[in-house]
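Working notes, beginning with the structure itself.
The values are calculated or read from the model by the stated rules, or taken from the named source; none is laboratory data. Everything quoted here is computed from the prediction, not taken from an experiment. Heads up, the Cβs are rebuilt from the backbone with ideal geometry, glycines too, and the neighbour counts pull from every protein chain shown. With ligands, DNA and RNA removed, areas are computed over all heavy atoms of the protein, side chains included. Shrake-Rupley method; radii C 1.70, N 1.55, O 1.52, S 1.80 Å.
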Amino acid sequence: GAGVSQTPSNKVTEKGKYVELRCDPISGHTALYWYRQSLGQGPEFLIYFQGTGAADDSGLPNDRFFAVRPEGSVSTLKIQRTERGDSAVYLCASSPPERSTGELFFGEGSRLTVL
Amino acid sequence: AQSVTQLDSQVPVFEEAPVELRCNYSSSVSVYLFWYVQYPNQGLQLLLKYLSGSTLVKGINGFEAEFNKSQTSFHLRKPSVHISDTAEYFCAVTSIYNDYKLSFGAGTTVTVRA
């Protein structure tokens, strides 16, 4: 597909479980971003990858959250010991090497519900 | 750090009427400003942006916004809306020094009625 693809689109899990959310960016995009959108709020920055490395992970809320991008393309956001407060829509975005400042291409998000 | 306040959470408007969505920001450094739109069941997409130069910027679908540095505002306007403009609109700001980290407002839901 032409856009950013995120899977699963919906995930329901129980408190304490481990969750992985996957992001497939637009082909050729070198930068990748994760944001989190809680109910009634705007997206909140989590982490930014330039290539394979995390250039800025200052938005990750705590050490239960971790993200990887081993080959510089697909990224996985990993959440350990999920808590009810982790319930949100997790958004992935990408941008090309010649990125136009601030123009991020977003996926439709993965909705996580922690019971 | 930067922050954004969108003053209206919901804006109902009749088709062909004008609409204005208000956005105020806070920052101790120079900023870039953006409006993103999210149509139902779609991802966020960039509507327009202000980086520098003319304070009046035009975007897609007939939208425009004006950067006002003294009032720290970046209000979005459209002179005549269509049913298809029904969506959620997000104002966002970033420091010019780390322009990958957007800070978003809480969003304004625009509902256009016939």
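Given B:Lys101, B:Lys78, B:Lys58, which one is more than 12 Å from chain A (Cβ to nearest Cβ), open to solvent by 40 Å² or more (accessible area, probe 1.4 Å) and of a type in the set (Lys, Arg)? Steps first, answer last, please.
On the way: B:Lys101 fails: more than 12 Å from chain A (Cβ to nearest Cβ); B:Lys78 fails: open to solvent by 40 Å² or more (accessible area, probe 1.4 Å).
After applying the criteria, what remains is B:Lys58.
Determine, yes or no, whether A:Ser27 is surrounded by 14 or more Cβ atoms within 10 Å (Cβ to Cβ), out of contact with any Ser or Thr (no Cβ under 7 Å at 6 or more places or on another chain), more than 12 Å from every other protein chain (Cβ to nearest Cβ) and assigned to a loop (DSSP other than H, G, I, E, B). Against the criterion (surrounded by 14 or more Cβ atoms within 10 Å (Cβ to Cβ), out of contact with any Ser or Thr (no Cβ under 7 Å at 6 or more places or on another chain), more than 12 Å from every other protein chain (Cβ to nearest Cβ) and assigned to a loop (DSSP other than H, G, I, E, B)), A:Ser27 does not qualify.
Restricted to the stretch B:22-114, the set of strands (runs of 3 or more DSSP E) holding at least 3 residues that are touching a His at 6+ places or on another chain (Cβ under 9 Å) comprises B:64-68. Of the numbered criteria (1) open to solvent by 30 Å² or more (accessible area, probe 1.4 Å); (2) away from chain A (no Cβ under 14 Å); (3) in a strand (DSSP E or B), the one B:Val13 fails is (1).
Give me a count of the residues in the stretch A:67-88 that are part of a strand (DSSP E or B) and open to solvent by less than 20 Å² (accessible area, probe 1.4 Å). Let's see the steps before the verdict.
As a first pass, look at the stretch A:67-88 and keep what is part of a strand (DSSP E or B): A:67-68, A:75-79, A:88.
Those left that are additionally open to solvent by less than 20 Å² (accessible area, probe 1.4 Å): A:67, A:75, A:77, A:79, A:88.
Within the stretch A:67-88, residues that are part of a strand (DSSP E or B) and open to solvent by less than 20 Å² (accessible area, probe 1.4 Å) number 5.
Within the stretch B:36-51, being closer than 14 Å to B:Thr109 by Cβ and more than 10 Å from chain A (Cβ to nearest Cβ) holds for B:Val37, B:Tyr39, B:Pro40.
Picking from residues in the stretch B:86-98 that are open to solvent by 20 Å² or more (accessible area, probe 1.4 Å) and facing chain A (nearest Cβ under 9 Å), the one that is nearest to A:Asp57 (Cα to Cα) is B:Asn98.
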